[in-house]
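All of the numbers you see were taken from the coordinates with simple rules; none came from a lab. Remember, it's a predicted structure, so these values are computed and weren't measured experimentally. When we count neighbours, we look across all protein chains shown, and the Cβ atoms used for this are built from the backbone with ideal geometry, even at glycine.
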Amino acid sequence: MLNQDKRQVIAKRIAEELRDGQIVNLGIGIPTLVSEHLEDKEVFLQTENGLLGMGPLATEENLDIDLINAGKEPVTFLKSASFFSSADSFGLIRGGHVDVAVLGILQVDITGEIANWAVPNQPILGVGGAMDLVTGAKKVIVAATLFAKDGTSKLVEELTFKTSGIRKVDLFVSDYAVFTFSDEGVKVIEMIEDITIEELSEKIGFKLTYAAELAVK
């Protein structure tokens with residue numbers, strides 16, 4: 001991954017998971033970058049503050065300060081976009097109409113349970129739409145660099161931060177590897193960084209398993 005922006009690498013890999021016709025919610029942080037890598041895919045991006053048909057992040061040339069996503073970032077919209085209330089937006093989520101939710105995380109444990117809204121001893125602004133999306137989306141993909149700034153792994157054996165819900169996520173795309181979760185534990189299905197699975201297991205602190213045919217980017 002030399003000389004590549006890790007956040008963009010993660011976002012591009014997640015974009016590969018999306019399919020034409022899907023309604024997709026992009027969370028705050030790395031997930032918002034997914035909109036830049038959709039290419040010709042006909043994906044309908046939804047944001048909790050009331051927009052379906054969100055386009056890429058805005059630039060100085062097309063900036064509209066009244067048009068933002070749930071993370072208060074300026075965005076664009078497609079010609080087919082719909083605007084509605086936040087209440088209707090959450091009805092869309094809670095009604096099971098979102099095909100894929102892409103969320104940032106603080107931690108994910110070996111079963112696929114995530115924490116993404118509260119850090120111990122830090123001010124809590126609120127859970128936002130995280131719990132609704134974890135519960136209501138048909139598929140949940142999480143996006144994050146594998147290690148925090150202090151070097152600790154965000155993939156842990158047991159959550160130490162507050163959970164975002166008991167629903168297990170389907171996929172964790174990191175800058176090192178892509179992980180899935182099952183009753184057998186966490187599994188590496190794709191290597192992104194130039195590292196062996198044994199080396200990665202040592203860095204994380206527990207043994208990882210992998211798919212029979214491990215893809216290497």
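Would you please state the base-10 log of I(q)/I(0) at q = 0.11, 0.15 1/Å for the chain, with intensities from the Debye formula using one equal scatterer on every alpha carbon?
Debye curve over Cα of the chain, log10 I(q)/I(0) at q = 0.11, 0.15 Å⁻¹: -0.53, -0.97.
Could you point to the residue in A143, P120, G71 farthest towards the positive end of segment 1-147's charge dipole, with +1 and -1 charges on the Cβ of Lys/Arg and Asp/Glu respectively?
P120
Kindly flag which residue pairs out of K41/K162; K72/K187; K72/K154 have an alpha-carbon separation exceeding 27 Å in this structure.
Over 27 Å Cα-Cα: K41/K162; K72/K187.
Indicate, rounded to the nearest 5 percent, the antiparallel portion of the DSSP beta bridges found entirely in the chain.
50
Just to be sure I understand the curve: with the Debye formula and one point per C-alpha of segment 71-196, what is log10 I(q)/I(0) at q = 0.09, 0.15 Å⁻¹?
Calculated log10 I(q)/I(0) at the listed q: -0.29, -0.77.
Just how large is the dipole of the chain about the Cα centre, in debye to the nearest 20, putting +1 at every Lys and Arg Cβ and -1 at every Asp and Glu Cβ?
Magnitude of the dipole: close to 440 debye.
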